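One structure is given here, and the rest of the page talks about it.
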Amino acid sequence: MDICVASSKNEFLLGFYLLSILFRRAKEEFRRINFPDRYPAFNGRKNLYSTRELPEVCLV
């Protein structure tokens, strides 16, 4: 009986990689629309950090 574990791990890593690319593009689009003259850093969870105060953004 042969068991192949590597392919499922590779598929997981590929999915994670594609998701990170998609998320990075979405974050950049949000930054471009809401903060065109600023480049805030994202901590990977839910916070944006900037050296200057960011304007309030209402997401409805």
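Every number here is computed from the coordinates shown, using simple stated rules; none is lab data. All values reported here derive from a predicted model rather than from experimental measurement. Here the Cβ is made from the backbone with ideal geometry for all residues, glycine too, and neighbour counts use every protein chain on show.
Might you report the magnitude of the Cβ-based charge dipole of region 6-49 about its Cα centre, with Lys and Arg at +1 and Asp and Glu at -1, to the nearest 20 debye? All intermediate terms of the calculation are to be shown ahead of the outcome.
Values: 9 positive and 4 negative charges, 29 e Å.
In debye, rounded to 20, region 6-49 gives about 140.
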Exercise for the section: Note the angle between two axes, namely the Cα long axis of helix 6-34 and the longest principal axis of the Cα atoms of the chain, as a number of degrees from 0 to 90, rounded to the nearest 10. Expected result: 10
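Quick check of the Kirkwood formula: for the chain, what is the inverse mean of 1/r over all pairs of different Cα atoms, in Å? Intermediate results must be reported in sequence, preceding the final value.
Values: mean 1/r = 0.0701 Å⁻¹.
For the chain, inverting the mean 1/r across all distinct Cα pairs yields 14.3 Å.
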